[in-house]
Amino acid sequence: MLAEIFSDYTLRIVSIGSILLGIISGTLGTYAVLRKQSLIGDMVSHAALPGIGLSFLIIGSKNTEWLLLGAFIAAWIATIIVNTIYRNSRIKYDSALGMILAVFFGFGLVLLSYIQKIPNANQAGLENFLFGQASTLLERDIILMAIIAVFTIISVILFWKEFKLLSFDSDFADIIGFSTDKLDLILTTLIVIAVVVGLQSVGVVLMSAMLIAPAVASRQWTDKLSIMIILSSTFGALSGVIGTIISSSIPKMPTGPIIVMVVTIIAFISMLFAPKRGLIWRRIKDYYNKKELGANMVLNNLYSLYKNHGEDFHPHDLDTICLHHTGIIHSKRMLKRELHKLEILGLAKEYENGNWAITQKGLDKMESIFFEDGRDIV
Amino acid sequence: MSPQLEIQLIAILVATSCALPGVFLILRQMAMMADAISHTILLGIVLAFFITKDLSSPFLIIGAALMGTITVFLVETINKTKLVNEDAAIGLIFPFLFSLGIILITLYAGNIHLDVDAVLLGELAFAPFNRLVINGVDIGPKSLYTMLGVLILNILYISLFFKELKLSTFDTGLAAALGFSPVFIHYSLMTLVSITAVSAFDAVGAILVLAFMVGPPATAYLITDNLTKMLILSPLFGIISALSGYWIAMYFDVTIAGAMATMVGIIFALIFIFLPDRGLIANIRRRKEQKYEFALISLLMHLINHENSPIEREEAGINTIKNHLSWDKEFTQEIIDKTLDKNYVYIKDEILKITDKGREFALSNYSYIVEQD
């Protein structure tokens, strides 16, 4: 399969296109996700549809450059409208997003249906923008994507500090004198560009996933912005290539859904297995924490019993030491296990009839803990 | 009934059924969850079709509604891990499930007469072709009865749980404390949204369901924040959009659903821009007035501060004062003209002097400035 990429011309073009798309959307998606604006991509991609239709109606050309320019303008206007609504009324941001998304998309469909009825118009292919058809990519489209990729990377490097501040603490950025409104506009414009670039291969309906999923995946592996961007671009590019290869082997399969499936699975895997943040990792850590906590809680209870009985090493049975209510020691078996652990450490001692009490050493340990903490026990 | 009348009746029912739960969606900030549901029900329909092998089976609606609820559940599950924000969780789940739906349709395209375009975009013009025939008597288009059923369900749900919905929408904590289950309300509402979406979806398509769910309630919310009024106004705006959209679509010979969604946007825009008191124009005008009033008072306070001081000629000179207030020339002249008009100042020896009337005005409004700041 890999050899095919290098021999088959179309597949090669499509793969390069997917890699470029992955880099662009991975980079800018990172900012969208960090700024909690994940769904802006969904709105932008849907809102691009009327631009494609209008561009075709006005210019009459099916050249990608013109269609994407129209898409860019429509999507950009939509983001401005959403912001205007949000700032000038009590309509919430998500309502504004949802409404503009649907209204623009509806208008786009009106235009497409109008175009379809124009006699002799060479309109076939416009509907490929709905779910993407990477095989329609041409060499010139790749060159355009490459230029945009370079432009994106340069912009991100130029505004590195500003975008970072904007993403993590925009209030602070505002206070120290950055024009957050302008920066926000620049970043949003870049995100719009990223979405528009992907319309040809992923389509308007699913393009938002290309912004969100790679960024969500990379977020799990690192806390550092630069690494997150590099990882997210890599995930985006990787899923683009894998998705393209899979879809090219199934007849009539649009590329968008396959790429989205791959990239989302990468995100799910990252959320499960990434070290430190991943769910499985957290489970394992929880287990060890609980184990350690369990022994400490048993010792603490033995200490409390010792104190309650007038400072006497009086042994108690398991029911008295019982810690069911804590949710950490679930059963008597577990309690016994913890007690034996303490015994090995010399902190607790077993008496006849399975009764237990704290030892002098355990006492010293508890008192040193409380002494260090500088507070009395409850 | 003529097909034209039937289509318009269906459109009215769709608009009303979508607008009612939509009010709660926008108040609970769940608009994008509705977007997610309107996409994922596609997978529900496909999966239910695989089981029943019948596109007109009512199980399709059940399957789709179930998938809507599953979507909500999955988003919340991801939310609970705290690994991603809620918006990212929505954006992760729905493209995934939707893609799965598209892939299944494409893979089994030969066996399913389920066209992706039709599901996603819908075509109201075809609705009258699908008739409901009982005992050999044609009693009208099927979707008319489906939508009527959904509308009744929506009205019943909202009237039965009105108190609970209201309380859990505006004060989740109190609702929980009083013993209402916010989780029950949340899931039942989202299930209702799914049922409404899947039924309307036939006629207007998945994405345009969203236009009807969010647009008319948002328009109503511009006008009132009274829940009952919103529940009356929203369907009204929905119906106006639906009917005007229908006639525009007929005139230009374009997709009916698309034209209706466009009208939803246009009606919102009209009210958003022209609404007296709170509309965009009123807002801009008010801001401009505030800007002038603020400038007027700033100028007068500046004059009071430098009255009879040694540098009064510099600070309050008609040609130099602009430097001290950091205004440009035109704006300064405009403000000076205004103060002269109102007799707040007079010019003596090229120096602006404040009058008693001006002093009174400035001092009485001083607190206003401070509060504004």
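Report, ordered by chain and residue number, the aspartates and glutamates lying within cross-link reach of A:LYS336, taken as a straight Cα distance under 17 Å and ignoring same-chain residues fewer than 8 apart.
Result set, ordered by chain and number: A:GLU292, A:ASP317, A:ASP319, A:GLU350, A:GLU352.
Step through the table entries B:LYS291/B:LYS338; B:LYS291/B:LYS322; A:LYS62/A:LYS182, compare each Cα-Cα distance with 22 Å, and write down the pairs that go over it. Working shown, then result.
Working: B:LYS291/B:LYS338 13 Å; B:LYS291/B:LYS322 16 Å; A:LYS62/A:LYS182 33 Å.
Going by Cα-Cα distance, A:LYS62/A:LYS182 fall outside the 22 Å limit.
Where the Cα atoms of region A:2-274 are projected onto their three principal axes, how long is each span, largest first, in whole Å?
Ordered largest first, region A:2-274 gives principal extents of 58, 47, 31 Å.
Report, in whole Å, the centroid distance computed from the Cα atoms of region A:16-91 and region A:175-254.
That distance is 12 Å.
Show me the three semi-axes of the equivalent ellipsoid for region B:283-372, from the C-alpha gyration tensor (sqrt of 5 times each eigenvalue), largest first, rounded to whole Å.
On the way: eigenvalues 86, 44, 29 Å².
Listed largest to smallest, the semi-axes of region B:283-372 are 21, 15, 12 Å.
Report the trypsin sites (Lys or Arg not before Pro) located in region A:149-256 that are in a DSSP loop and have at most 15 other Cβ atoms inside 10 Å of their Cβ, or state none.
A:LYS224, A:LYS252
Mean separation of Cα pairs under 8 Å and 6+ residues apart, divided by the residue count of chain B: what relative contact order is that in percent? Intermediate results must be reported in sequence, preceding the final value.
On the way: 481 pairs, mean separation 72.4, N = 373.
This gives 19 percent for chain B.
Let me check I have the definition right: for chain B, take the eigenvalues of the Cα gyration tensor, multiply each by 5, take square roots. What are those semi-axes in whole Å, largest first? Walk me through the numbers on the way to the answer.
Numbers: eigenvalues 691, 111, 74 Å².
So the equivalent ellipsoid measures 59, 24, 19 Å along its semi-axes.
Step through the table entries A:LYS307/A:LYS332; A:LYS291/A:LYS365; B:LYS82/B:LYS163, compare each Cα-Cα distance with 25 Å, and write down the pairs that go over it. Walk me through the intermediate numbers first.
On the way: A:LYS307/A:LYS332 23 Å; A:LYS291/A:LYS365 18 Å; B:LYS82/B:LYS163 31 Å.
Check vs 25 Å cut-off fails for B:LYS82/B:LYS163.
Taking Cα centroids, how far is region B:164-235 from region A:271-307 in Å?
Cα centroid of region B:164-235 versus Cα centroid of region A:271-307: 42 Å apart.
Which whole-number percent is the relative contact order of region B:270-373 (Cα, under 8 Å, 6+ apart)? Don't skip to the end; give the middle numbers.
Numbers: 82 pairs, mean separation 25.5, N = 104.
So the answer I get is 25 percent.
Below 8 Å between Cα atoms, with a sequence gap of 6+, how large is the relative contact order for chain A in percent? The partial results should precede the final answer.
Working: 540 pairs, mean separation 76.7, N = 378.
RCO, chain A: 20 percent.
Across the residues of B:250-263, average count of Cβ atoms on other protein chains within 10 Å? Display every interim value, and only then the final one.
Details: counts 0, 0, 4, 3, 10, 8, 2, 4, 13, 5, 2, 10, 11, 3.
Per residue, the number of nearby Cβ atoms from other chains is 5 on average.
Looking at chain B as a GNM with Cα springs under 10 Å, which of B:THR71, B:THR191, B:THR355 has the largest mean-square fluctuation?
Comparing B:THR71, B:THR191, B:THR355 in the GNM, the peak value goes to B:THR355.
Can you sort A:LEU101, B:LEU325, B:LEU275 by how many other beta carbons sit within 10 Å, fewest first? The partial results should precede the final answer.
Working: A:LEU101 28, B:LEU325 14, B:LEU275 17.
Going from sparsest to densest Cβ surroundings: B:LEU325, B:LEU275, A:LEU101.
Inside 10 Å of the C-beta atoms of B:265-272, what's the mean count of C-beta atoms belonging to other chains? Walk me through the numbers before you get to the answer.
Details: counts 8, 2, 0, 6, 3, 0, 1, 6.
Mean shielding by partner chains, rounded to a whole number: 3.
Straight-line reach from B:LYS166: which lysines have a Cα under 17 Å away, not including same-chain ones fewer than 8 places off?
Answer for B:LYS166, where 17 Å is the Cα cut-off: B:LYS229, listed by chain and number.
Determine which aspartates and glutamates satisfy two conditions relative to B:LYS342: a Cα distance under 16 Å, and not lying fewer than 8 residues away in the same chain.
Result set, ordered by chain and number: B:GLU289, B:GLU293, B:GLU334, B:ASP356, B:GLU360.
Starting from the Cα gyration tensor of the protein assembly as shown, take the square roots of the eigenvalues, sort them a ≥ b ≥ c, and report rounded, prolate or oblate (rounded when a/c is under 1.5, otherwise prolate if a/b is larger than b/c, else oblate). Show your work: numbers first, answer last.
Numbers: a/c = 1.61, a/b = 1.10, b/c = 1.46.
It is oblate, given that a/c is not under 1.5 and a/b is not larger than b/c.
Here, each number is a calculation from the coordinates, and none is a lab measurement. Owing to the predicted nature of the structure, the values given are computational and were not obtained by experimental measurement. Glycine also receives a Cβ, built like all others from the backbone with ideal geometry; neighbour counts cover every protein chain displayed.
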